[in-house]
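Notes to accompany the following structure.
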Amino acid sequence: IILVLTFVSLPFVFTVNLKADLFENSGTIAVSLFFVPIFKARIRVESESATEKNIVVISGKKRDEIHLNADKNDKKSVMALFKAAPVMSYLTVEKLDVEAAVGFAANAFSTTMIVGVLRTFFGALSAFLKSRQNIAIRNVIVPSYNKNKLDFDVEGIFKLSLANIINGFIAGILNKLEIKAKRNGKMKTRALKVRL
């Protein structure tokens with residue numbers, strides 16, 4: 001029993017490393033469990049049209065796509081991916097490191113503006129995440145004025161424990177039962193009022 005309880009409460013530690021060069025339209029993603037590599041793939045963005053873009057993930061000989069849209073009927077959309085993997089809602093972020101180098105050789109003004117916007121965005125995101133949980137966040141966004149550059153390096157450490165999943169599952173069932181009980185209570189009250 002002690003071993004089972006220890007296993008249930010032990011958090012699984014996942015490390016995700018994402019590197020991308022937007023000018024080259026190439027990148028890599030690597031996932032480790034307890035710092036042991038379990039998945040590695042190359043990624044790139046393909047455009048079907050001006051408004052339709054897909055993230056292509058190539059792992060070995062296997063090729064898969066994630067469609068960047070909010071279409072609920074599209075089984076490969078980003079929305080469907082999160083809906084199909086409800087375990088994502090039980091992940092807790094322990095550490096998040098973001099490094100980016102942004103530059104346009106011919107336009108120092110655009111470089112400065114984009115760096116400022118990205119710093120503001122990550123500052124707001126950091127404040128939001130820190131308000132929800134205890135997380136260490138570091139972001140370094142630097143301008144590159146001498147050459148065209150859009151490089152991102154994102155590394156995150158995520159934790160997932162079976163105890164959190166079990167607690168969330170039980171809380172979800174209790175919440176549904178409570179809603180049903182309230183609905184049944186309201187229906188009985190209405191029936192009594194009609195009879196009176």
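Each reported figure results from applying straightforward, stated rules to the coordinates on display, with no laboratory input. Only a predicted model underlies this, so the values are computations on that prediction, with no experimental measurement involved. Virtual Cβ from ideal backbone geometry, glycine too; neighbours counted across all protein chains shown.
Computed from phi, the 3J(HN,Hα) profile of the range 108-114 under the Karplus parametrisation 6.51, -1.76, 1.60 (θ = phi - 60°) reads 5, 5, 4, 4, 5, 5, 5 Hz, with x in place of Gly and Pro. Can you tally the net charge around residue 96? Count Lys and Arg as +1, Asp and Glu as -1, for every other residue whose Cβ sits under 9 Å from the Cβ of residue 96. Summing Lys/Arg as +1 and Asp/Glu as -1 gives -1.
Each other residue within a Cβ distance under 12 Å of residue 156 adds +1 if Lys or Arg and -1 if Asp or Glu, for a net charge of -1. Charged neighbours of residue 110, selected by a Cβ distance under 14 Å, balance to +2 (K, R count +1; D, E count -1).
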